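What follows is a single structure, written as structure tokens, with notes after it.
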Amino acid sequence: DFKAQIRSIVEAHIDLIRESPRLPFLIFNELLTNPARIETIRERLGVLPESVLSRFVSRLEAEIAAGRIRPIGPIDLAIDIVSANVMFFIGAPVFRQVFRLDDETFERVVEARRRESVELVMGRLEP
């Protein structure tokens, strides 16, 4: 079902960042210092991302039309997912210092944040 798919996307996204917490910094830095890079990446990937996105948008629109989720645009949904996940890791060095989080405590916070991110995004979809 579509909601399970969204849940899986949010979880996989945060897990990816959790495994490579510097990745968001690398991507932002690259896009800020070399904005043409996104076009190079797009060219290398070919039509696959557009095909996947097109199918996703069609599914999103069908779920909205059926009343199973509230109206939300694909850009807004993507922003919600990225905001819920990426911004936590960008702010993590500050959070760790301010709240004096050791590694074990930080891992518990990350796991709690993972659940919270899913709930935030899923809440946006409720009709």
**Request:** Express in whole angstrom the spacing between the alpha-carbon centres of the stretch 12-47 and the stretch 106-123.
**Result:** 22
**Request:** Could you run the Karplus curve 6.51 cos²θ - 1.76 cosθ + 1.60 with θ = phi - 60° over the stretch 44-52 and give me ³J(HN,Hα) per residue in whole Hz, x for Gly and Pro?
**Result:** 5, 6, x, 8, 3, x, 5, 5, 5
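Sum up the charges of everything whose Cβ sits under 12 Å from the Cβ of Arg108, counting Lys and Arg as +1 and Asp and Glu as -1, but leave Arg108 out. Mind dumping the intermediate values first?
Details: positive: Arg113, Arg114, Arg115; negative: Asp102, Asp103, Glu104, Glu107, Glu111.
Local net charge: -2.
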**Complete:** Applied in sequence order to the stretch 97-102, the curve 6.51 cos²θ - 1.76 cosθ + 1.60 (Karplus, θ = phi - 60°) yields integer Hz couplings, x standing for Gly and Pro, of 6, 4, 9, 6, 8, 6
**Asked** Given the chain, what whole percent of its Cα pairs are spread farther than 27 Å?
**Response** 29
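Find how much the distance from Leu26 to Phe106 grows on full extension, using 0.36 nm per residue of separation minus their present alpha carbon separation; answer in nm with one decimal.
Details: separation 80, 0.36 × 80 = 28.80 nm, distance 2.16 nm.
Residue separation times 0.36 nm, minus the Cα-Cα distance, leaves 26.6 nm.
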**Asked** In nanometres, what is the gap between the two model label sites at Glu61 and Asp15, each 7 Å from Cα along Cα-to-Cβ?
**Response** 3.1
**Prompt:** In sequence order, what are the phi-derived ³J(HN,Hα) couplings for the stretch 112-121 according to the Karplus relation 6.51 cos²θ - 1.76 cosθ + 1.60 with θ = phi - 60°, rounded to whole Hz, with x for glycine and proline?
**Reply:** 5, 5, 4, 5, 5, 4, 4, 5, 4, 5
**Prompt:** Which distance in nm do the two modelled labels at Ile79 and Lys3 give, with both placed 7 Å along the Cα-to-Cβ direction?
**Reply:** 2.4
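Return a whole-number percent for the relative contact order of the chain, with Cα pairs under 8 Å and 6 or more residues apart as the contact set. Present the calculation step by step, with values, prior to reporting the outcome.
Values: 64 pairs, mean separation 54.8, N = 127.
Reported relative contact order: 43 percent.
Read-outs throughout are calculated quantities, based only on the coordinates presented, and are distinct from any laboratory measurement. All figures in this text were calculated on a predicted structure; none of them were measured in a lab. Cβ atoms come from the backbone with ideal geometry, glycine included; neighbour counts cover every protein chain shown.
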